[in-house]
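Input: a single structure, listed below in structure tokens.
The values are calculated or read from the model by the stated rules, or taken from the named source; none is laboratory data. Keep in mind it's a predicted model, so treat the numbers as computed, not measured. No Cβ is skipped: glycine too gets one built from the backbone with ideal geometry, and neighbour counts run over all protein chains shown.
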Amino acid sequence: MSTDVMIHADNLTKMFGSVVALDRVSFDVRKGEVVGFLGPNGAGKSTTMRILTCFIAPTSGTARIHGHDVFEQPLEARQKLGYLPQRAPLYAEMTVWSYLQFAARMRGLDDNEFKSRLRKVVDVCGLAQVLGKDIRTLSHGYRQRVGLGQALIHDPPILILDEPTSDLDPNEKAEVISYIREIGKERTVLLSTHNLSEVEAACARAIIVSKGRVVADGTLDDIRAKSGRVRYVVSVHEQVAEGDHKPPKAGEVQSALQGLQGVSTVREIPSDDRAHSFEVIIGGESDIRAEIFRLVVGKGWTLLELHRDAQTLGDVFRDLTQGDARLARGLRSKDAEQEEEEDEGDEDSDDEDDDEDSDDATNEKKDGRP
């Protein structure tokens, strides 16, 4: 295993009775990475976090934190970790200062080390205004800041955050994500969430899990490209060229783009009077921006615009997890639903017949008939 691997999960499996919470989950998080750990509710995110932070044991598989096995060397692993669970375990009767001091002592810091670390934590987490306040008086947002503070007080190289913005309002969420971005400049962060905007704001890479399995792992651009169809927009100046080259005709640009490897379709799109603009469609997950740039420069043309559009992260997330999410909610396929509706229709007809028979019997009794 590479020395820069800070979090290592290898075939983690967790069974709760007959329920498979994790099914051979494997991934690595390297030094300096901020990685989003995504999945719908019930996908296995929190179970993974609890294994990595030494709270529960896997049924099979191994996990290492900073090279330490989480259950053969749990104390060494925990010393390298800062952990913020979904709801931070705060003592409401304590002041912020006394709680952070308590967390520091639990981590083995003496008073001088605590004071040194406290200054940095207060600055990073924005706690200067509330140090002397009781935790019970704080808003949810400030409580999460205090939770971040206890996770950082011993200056760990690895930070694991499990749904850190749950139950926060939009302003509080933005503040917490801002602190996570700042923290991620100096340490490795694994951020478990189902909020896609948070991952896009704070992470360069994401791991998506569904029904206990890893279904995607890569940079956000690579994951967005998993649709198998990527669109590029290319605009070339139609009146200006470099050196002795002549400004290009639209057909010339289109033919050149069509000749690039992997390109399936090139279609001209409306633009202003200064540019030839084209939509370029490729199949697969490759990124051809560099090839497009070299082509245009090699021709001596002036490139005005080049950008790559793939599916949004939300689109890919739904594609990868929607089927399992339906099953988790007890929903069945459309065919099964249609069959059930038909069965219900038959039952309604039977009920109507029974009601008619009952009405006839009632009328007969009123008339004195047997």
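Okay, residues lined up against (1) acidic (D, E); (2) closer than 12 Å to L84 by Cα; (3) buried (at least 19 other Cβ atoms within 10 Å of the Cβ); (4) modelled with pLDDT under 85:
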site	(1), (2), (3), (4)
N112	no, no, no, no
V121	no, no, yes, no
T137	no, no, no, no
P157	no, no, no, no
T165	no, yes, yes, yes
I177	no, no, yes, no
E186	yes, no, no, yes
V189	no, yes, yes, no
Exercise. Of the numbered conditions (1) in a strand (DSSP E or B); (2) at pLDDT below 95; (3) surrounded by fewer than 20 Cβ atoms within 10 Å (Cβ to Cβ), L75 fails exactly one; give the number of that condition.
Key: (1)
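Rundown of residues vs (1) assigned to a loop (DSSP other than H, G, I, E, B); (2) out of contact with any strand residue (DSSP E or B) (no Cβ under 7 Å at 6 or more places or on another chain); (3) within 22 Å of T48 (Cα to Cα), yes/no style:
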| position | (1), (2), (3) |
| --- | --- |
| R136 | no, yes, no |
| G141 | no, yes, no |
| G149 | no, yes, no |
| P164 | yes, no, yes |
| A174 | no, yes, no |
| L191 | no, no, yes |
Practice problem: Could you tell me which of the residues A43, A88 is aliphatic (A, V, I, L, M), farther than 25 Å from Y179 by Cα, buried (at least 18 other Cβ atoms within 10 Å of the Cβ) and modelled with pLDDT under 90? | Solution: A43
Quiz item: If we scan segment 37-47, do we find a residue that is aromatic (F, W, Y) and in contact with a strand residue (DSSP E or B) (Cβ under 8 Å, 6 or more places away or on another chain)?
Solution: yes
Quiz prompt | Filter pass, K45 being touching a Gly at 6+ places or on another chain (Cβ under 6 Å) and basic (K, R) | solution = yes
Exercise. Working only within segment 234-250, note down all residues that are over 13 Å from I288 (Cβ atoms) and either part of a strand (DSSP E or B) or in contact with a helix residue (DSSP H, G or I) (Cβ under 7 Å, 6 or more places away or on another chain) (or both).
Key: S235, V236, H237, E238, Q239, V240, A241
Exercise. Consider G132 carefully, then state whether it is assigned to a loop (DSSP other than H, G, I, E, B), of a type outside the set (A, V, I, L, M, F, W, C) and surrounded by fewer than 19 Cβ atoms within 10 Å (Cβ to Cβ).
Key: yes
Quiz item: Can you pull out the residues in segment 251-284 that are in contact with a helix residue (DSSP H, G or I) (Cβ under 7 Å, 6 or more places away or on another chain) and either surrounded by fewer than 18 Cβ atoms within 10 Å (Cβ to Cβ) or of a type in the set (K, R) (or both)?
Solution: L260, V263, E268
Practice problem: Confirm whether T53 is in contact with a Leu (Cβ under 7 Å, 6 or more places away or on another chain) and at pLDDT 95 or above. | Solution: no
Quiz item: Does segment 176-183 contain at least one residue that is in contact (Cβ under 8 Å) with a residue 40 or more places away in the chain, part of a helix (DSSP H, G or I), assigned by TED's automatic domain parsing to the domain that holds I65 and more than 27 Å from the chain's Cα centre (by Cα)?
Solution: no
Quiz item: Given V209, V230, V199, which one is closer than 18 Å to S46 by Cα, in contact with a Lys or Arg (Cβ under 8 Å, 6 or more places away or on another chain) and of a type in the set (A, V, I, L, M)?
Solution: V209
Quiz item: Within segment 221-234, can you find the residues that are surrounded by fewer than 19 Cβ atoms within 10 Å (Cβ to Cβ) and at pLDDT 85 or above?
Solution: V233
